[in-house]
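Q: After the structure tokens below, expect a handful of questions from me.
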Amino acid sequence: MMDMKKFYPPGYEYKKEWSAVGTIFALGEMLAFWLFAENLHSAREALFTWVVGKKEIMEGAVAEPFITLVPGYMMFFIPVAIFLIVMVVYHYFYYYQYTKSIYVMRRLSTHSVMIKSCVAGPVICMIVGLIAAVSIYFLYFGLYMLIMPNECMPRFM
Amino acid sequence: MLEIRSLNKYYNSEKGKVHALKDINLTIGHGEIIGLFGENGAGKTSLLKSILGFHSYKGEILLDGKIIDRSNIGKLSFATCEHSFFPNLSPKEHKEFYQMHFGTFRLKRFEALMNFFELPMNKPLKAYSTGQKNQFEVIMALCQGAEYILMDEPFAGNDVFNREDFYKVLLGILEPEETIFLSTHLIEEVEHFISRAVLLKRGQLRSDVTTLELEDEGKSLMDYVKEMYHYRADRVSKALKEMGGEL
């Protein structure tokens, strides 16, 4: 397991930050999933018709392309990105909290140590979040493939 | 050698532009222990922070002939009453941080001072008492391995015995090339500890004198400071008399 402490200001309680990011991410994903589920359900229902009390696929019916069911999916990641940008600034001001540890950081031979401590954690968090978001996107695609009837799949999907 | 040439420092306040340091010229050599004195607002902290590059200024500050930047700032350490340690870290973690970032870190000195002052090694600094925090602040400044150790009222909040211990320990552990530049109001306490006294008054360098020179003149440091500040001994009795008259 990677020691995440080294990517944050010394003594910074980064786990709280990760919990907050996780919560924002989960809320966004829940909303995204709810919209996707609604769209998926409507798109599937549009393929069927009732014939004498029996549900049947309409002749020549083509499912809506997957991409139209998750419009602006990555929009849900924007709050996470904004939060992480704010955290970069917060990490800098952490050096002014309770003491002026900024005085130690400004005496280090390389400026990069302080920059890294402010930026690296949120960047890693952002990458992990993006990987998770893309993975979930593919999960949605799997669901789409599973739920939509094979014969109704669009040609260039 | 630390050379301060024509140092001027301005800052903006509610009352307008303040000239905090006025044309300061000062040279500090290796191995000196210098007391920096002056009334509140005289510019002591501004001077120290300008040396460290924490404040912008006009003029020139050179360390061994070079402008102070990232390449040589490690030769300076700083202990301040504002404290500059990481509050969530323990001394052990500070030791690791300093060892990683200051190649000159004095491990033996650190361990000896931590033992002497009986400071817990694994307790986060935020859980220390004010006195212990001050002690730790000074310990880190002494152990960074800097050639010039700048201190700004480092003992504010420590009891007199504790301060006394510190002066003795300091004199015992300092190596000949280590320089101390100590800003304090505790004039009488540090009189026998320092070798030179620098006096600031309203941002100007009022006096720069060695304690040997004072000894030769038969003056105590306190008397000298009072003289430089034109301290009127009868001021209090006069004021009390006037107030008494009104009452």
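Q: Tell me, please, whether a residue that is touching a strand residue (DSSP E or B) at 6+ places or on another chain (Cβ under 8 Å), assigned to a loop (DSSP other than H, G, I, E, B) and in contact (Cβ under 8 Å) with a residue 24 or more places away in the chain can be found in the range A:81-104.
A: no
Q: Of these, B:H30, B:H83, which one is under 29 Å from B:V190 (Cα atoms), more than 14 Å from chain A (Cβ to nearest Cβ) and outside any strand (DSSP E or B)? Steps first, answer last, please.
A: Details: B:H83 fails: more than 14 Å from chain A (Cβ to nearest Cβ).
Just a single option satisfies the conditions, and that option is B:H30.
Q: Let me ask something else. From B:F78, B:F110, B:F86, grab the single residue that is modelled with pLDDT of 95 or more, of a type in the set (A, V, I, L, M, F, W, C) and touching a Phe, Trp or Tyr at 6+ places or on another chain (Cβ under 7 Å). Break it down into steps so the answer makes sense when it comes.
A: Details: B:F110 fails: touching a Phe, Trp or Tyr at 6+ places or on another chain (Cβ under 7 Å); B:F86 fails: touching a Phe, Trp or Tyr at 6+ places or on another chain (Cβ under 7 Å).
Being modelled with pLDDT of 95 or more, of a type in the set (A, V, I, L, M, F, W, C) and touching a Phe, Trp or Tyr at 6+ places or on another chain (Cβ under 7 Å) holds for just one of B:F78, B:F110, B:F86, which is B:F78.
Q: A:V80 versus (1) in contact with a Gly (Cβ under 6 Å, 6 or more places away or on another chain); (2) β-branched (V, I, T); (3) more than 30 Å from A:P10 (Cβ to Cβ): which is the lone unmet condition?
A: Here A:V80 meets the rest and fails (3).
Q: Within the range B:105-136, how many residues are assigned to a loop (DSSP other than H, G, I, E, B) and either in contact (Cβ under 8 Å) with a residue 60 or more places away in the chain or under 25 Å from B:G38 (Cα atoms) (or both)?
A: Quick first cut of the range B:105-136, residues assigned to a loop (DSSP other than H, G, I, E, B) only: B:105-106, B:117-124, B:128-129.
Subset that is either in contact (Cβ under 8 Å) with a residue 60 or more places away in the chain or under 25 Å from B:G38 (Cα atoms) (or both): none.
Here the count works out to 0.
Q: Also: Given the options A:M114, A:M126, A:M145, A:M153, name the one that is within 14 Å of another protein chain (Cβ to nearest Cβ) and not small (G, A, S).
A: Values: A:M126 fails: within 14 Å of another protein chain (Cβ to nearest Cβ); A:M145 fails: within 14 Å of another protein chain (Cβ to nearest Cβ); A:M153 fails: within 14 Å of another protein chain (Cβ to nearest Cβ).
It is A:M114.
Q: Next question. Looking only at the range B:94-108, count every residue that is buried (at least 17 other Cβ atoms within 10 Å of the Cβ) and more than 7 Å from chain A (Cβ to nearest Cβ) and tell me the total.
A: Looking only at that region, the number is 6.
Q: Additional query: Could you check the range A:86-101 and list, in sequence order, the residues that are more than 14 Å from every other protein chain (Cβ to nearest Cβ), surrounded by 12 or more Cβ atoms within 10 Å (Cβ to Cβ) and within 26 Å of A:A132 (Cβ to Cβ)?
A: A:M87, A:V88, A:Y90
Q: Please find, within the range B:166-213, the residue that is surrounded by the most Cβ atoms within 10 Å (Cβ to Cβ) out of those that are acidic (D, E) and touching a residue at least 12 places away in the same chain (Cβ under 8 Å).
A: Here is the first cut: in the range B:166-213, the residues acidic (D, E) are B:175, B:177-178, B:188-189, B:191, B:208, B:213.
Restricting the remaining residues to those that are touching a residue at least 12 places away in the same chain (Cβ under 8 Å) gives B:177-178, B:188-189, B:191, B:208.
Numbers: B:E177: 10, B:E178: 19, B:E188: 10, B:E189: 16, B:E191: 17, B:D208: 14.
Per the stated criteria, the residue is B:E178.
Q: Can you spot a residue in the range B:3-19 that is crowded, with 20+ Cβ neighbours inside 10 Å, in a strand (DSSP E or B) and among the β-branched types (V, I, T)? Full working, then the answer.
A: Within the range B:3-19, the subset crowded, with 20+ Cβ neighbours inside 10 Å is B:4, B:7, B:9.
From the residues that got through so far, the ones that are in a strand (DSSP E or B) too are B:4, B:7, B:9.
Now narrow it down to the ones that are among the β-branched types (V, I, T): B:4.
Scanning the range B:3-19, I find at least one residue that is crowded, with 20+ Cβ neighbours inside 10 Å, in a strand (DSSP E or B) and among the β-branched types (V, I, T), so the answer is yes.
Q: Identify, from the list A:A26, A:A61, A:A20, the residue that is over 19 Å from the mean Cα position of the chain (by Cα) and more than 14 Å from every other protein chain (Cβ to nearest Cβ). So that I can check it myself, show each step before the final result.
A: On the way: A:A26 fails: over 19 Å from the mean Cα position of the chain (by Cα); A:A20 fails: over 19 Å from the mean Cα position of the chain (by Cα).
Exactly one residue qualifies, and that residue is A:A61.
Q: Give the residues of the range B:46-60 that are closer than 16 Å to B:L26 by Cβ and more than 17 Å from the chain's Cα centre (by Cα), sorted by residue number.
A: If the condition is that a residue be closer than 16 Å to B:L26 by Cβ and more than 17 Å from the chain's Cα centre (by Cα), then B:Y57, B:K58, B:G59, B:E60 are the ones that fit.
Q: Of everything in the range B:138-153 that's away from chain A (no Cβ under 13 Å) and closer than 25 Å to B:A42 by Cα, which residue is surrounded by the most Cβ atoms within 10 Å (Cβ to Cβ)?
A: Taking the candidates together, the pick is B:V138.
Q: Also, quick follow-up: Mind checking which residues of the range B:51-76 are part of a strand (DSSP E or B) and either more than 7 Å from every other protein chain (Cβ to nearest Cβ) or basic (K, R) (or both)? Break it down into steps so the answer makes sense when it comes.
A: Here is the first cut: in the range B:51-76, the ones part of a strand (DSSP E or B) are B:58-63, B:66-67, B:76.
The answer is B:K58, B:G59, B:E60, B:I61, B:L62, B:L63, B:K66, B:I67.
The values are calculated or read from the model by the stated rules, or taken from the named source; none is laboratory data. Computed from a prediction, not measured in an experiment: that's the story for all the values here. Virtual Cβ from ideal backbone geometry, glycine too; neighbours counted across all protein chains shown.
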